[in-house]
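Written out below as structure tokens is the structure these notes cover.
The values are calculated or read from the model by the stated rules, or taken from the named source; none is laboratory data. All values reported here derive from a predicted model rather than from experimental measurement. Note that we place each Cβ from the backbone using ideal geometry, even for glycine, and neighbour counts take in every protein chain shown. Note: accessible area is taken over every heavy atom of the protein model, side chains too, but ligands, DNA and RNA are not part of it. Shrake-Rupley method; radii C 1.70, N 1.55, O 1.52, S 1.80 Å.
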Amino acid sequence: MKELAGKVAVVTGAASGIGRALAKRFGAEGMRVVLADVELAALDGVSHELAAAGVKALAVRTDVTSPDSVASLAERTYDAFGAAHVVCNNAGVFAGGLSWEAPLSDFEWVLGVNTFGVLHGIRAFVPRMLASGEPGHILNTASMASFTYGPTSSAYFMSKHATLALSESLALELQMRNARIGVSVICPELVATKIGDSDRNRPLHLKRGDEPASPERDAVENAIKLVTTSQGVPPDTIAERALAAILEDRFYVLAPESDSWRRMCNARLELIRTASNPKLLF
């Protein structure tokens, strides 16, 4: 896409972090913005913030783990604006722990938001976008974790690897259809967001039980909270990268080459190339 002014952007996970930054950036480009999030009070706050800046915005409480909820988001979007040109499947959560100890509810929740949330967005919006024949773009939020691996975070790494693979498949499928819809996948390094506190939005039926926390789970979850707030790049930086990728029709939106995550990615690729056993990358 080369022209965004007057077009419609949809952003999930829009109440905070990268989603909020994307919504603000699209609004600054003159787009109308549909804000989706499960956290209603914070979502309304972003909606009022955009309205105060003169941006036409619609807030829709959405649970991306529910295909019906995302389908309703699409209905509301088209009822209000008649189109969706940029769809950002961005909502994300984190849970840590050892693979054999973490409750299955951790995997169900993390994969439900991080991977199935993206899939539900694709299935709800892409058919409508294809039918319109207008230029469009799908922006999926993955992570540099999509290219790497690590201990005590298997649910998160799984979800981000799957999101990358889904995005790559989607890009090829749209090319096969000669569609006027581009695809980008955001793969950021550590970002200053509240993902370390995402358990606040975990649904009751997927809450952890009374099982004791392992030292490994406590360590990784506390580390995520610390490093995202103390070392994470500003979400606005990621929004700028995303905007550039949309305008350039560029698929991979990666951390800078100088970043440690890129070095870990390259180290993993070398292990694969040489068929070597996994080892710690950091």
Which value in nm describes the separation of the simple spin-label points at ALA165 and ALA131, placed 7 Å from the Cα toward the beta carbon?
3.1 nm
For TYR78 and GLN231, what is the calculated FRET efficiency with R₀ set at 51 Å and r taken between the beta-carbons, to the nearest 0.05?
0.80
Within the chain, which is the longest segment containing none of the GluC sites (Glu not before Pro) that sit in a DSSP loop and have at most 11 other Cβ atoms within 10 Å?
4-256
Kindly state, to the nearest 0.05, the FRET efficiency for ALA71 paired with ARG273, given R0 = 45 Å and r defined as their beta-carbon distance.
0.60
Can you tell me the length gained on complete extension of the stretch ARG208 to MET176, counting 0.36 nm per residue apart and subtracting the Cα distance?
7.2 nm
Can you tell me the relative contact order of region 160-264? Whole percent, Cα pairs under 8 Å, sequence separation 6 or more.
40 percent
Using a Cα-Cα cut-off of under 28 Å, which lysines could be cross-linked to LYS194, ignoring same-chain neighbours fewer than 8 residues away?
LYS24, LYS56, LYS160, LYS207, LYS225
Accessible carbon and sulfur surface of the chain relative to its total accessible area, %, 1.4 Å:
55 percent
Take the alpha-carbon positions of the chain, form their convex hull, and give its projected area averaged over all directions (one quarter of the hull surface) in nm².
14.8 nm²
Tilt, helix 40-52 to longest principal axis of the chain (alpha-carbon atoms), in degrees rounded to tens, equals 50 degrees
With N set to the number of residues, divide the alpha-carbon radius of gyration of region 1-117 by 2.2 N^0.38 Å and report two decimals.
1.13
Estimate the FRET efficiency between ASP197 and GLU108 by the formula 1/(1 + (r/R0)^6), using the beta-carbon distance for r and 22 Å for R0, to the nearest 0.05.
0.70
Provide the per residue accessible area, probe 1.4 Å, for the chain, rounded to a whole number of square angstrom.
46 Å²
Within straight cross-link reach of LYS2, meaning Cα distance under 18 Å, which aspartates and glutamates are found once same-chain residues fewer than 8 apart are removed?
GLU29, GLU134, GLU240, GLU248, ASP249
Label GLU101 and ALA244 with points 7 Å out from Cα along Cα→Cβ: what is the distance between them in nm?
4.2 nm
